[in-house]
Amino acid sequence: MPTRFFSRLSQNYIELLNDVEYYDVTIDVGEDPNVKIFRAHMNILCYHSPYLRRVLTSNKNRNNNIILSHVKLPNISPEVFQIILR
């Protein structure tokens, strides 16, 4: 039973990565002409990556505590970032 649950949970995370409707963060990765835009979920990124947590929370608007949902990561290739994201 636990193996089946974790298998389904892993599949749900993959589906979240491919979701084009319910994302709240976009990440531009790479440099021209090799730039790819990834869609992701802030909660998942913040809990799985201390680096992305710092980047995302440093984008807070001090006036109304809205977290901006767009990040640029030019120093990594899109292919490598996709592997890390998965």
Review point. Can you name the residue in region 43-57 that is among the hydroxyl-bearing types (Ser, Thr, Tyr) and open to solvent by less than 70 Å² (accessible area, probe 1.4 Å) and is also modelled with the lowest pLDDT among such residues?
Key: Thr57
Revision key, fill the gap. Picking from Asn75, Asn63, the residue that is at pLDDT below 85, over 12 Å from the mean Cα position of the chain (by Cα) and not in a helix (DSSP H, G or I) would be Asn63
Exercise for review: Can you tell me which residue among Phe5, Phe81 is surrounded by 10 or more Cβ atoms within 10 Å (Cβ to Cβ) and either at pLDDT 85 or above or not in a loop (DSSP other than H, G, I, E, B) (or both)?
Suggested key: Phe81
Point to revise | Output for region 8-30, where each listed residue is of a type in the set (Ser, Thr, Tyr), assigned to a helix (DSSP H, G or I) and surrounded by fewer than 12 Cβ atoms within 10 Å (Cβ to Cβ) | key: Ser10
Check your understanding: Of the residues that make up region 31-42, is at least one within 20 Å of Ile83 (Cβ to Cβ), part of a helix (DSSP H, G or I), open to solvent by 60 Å² or more (accessible area, probe 1.4 Å) and free of Cβ contacts under 8 Å to residues at least 60 places away in the same chain?
Key -> no
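The values are calculated or read from the model by the stated rules, or taken from the named source; none is laboratory data. If you're wondering where the values come from, they're calculated on a predicted model, not measured in any experiment. Cβ coordinates were reconstructed from backbone atoms using ideal geometry, including for glycine residues, and neighbour counts include every protein chain displayed. Surface areas here come from the heavy atoms of the whole protein model, side chains and all, with no ligands, DNA or RNA. Shrake-Rupley method; radii C 1.70, N 1.55, O 1.52, S 1.80 Å.
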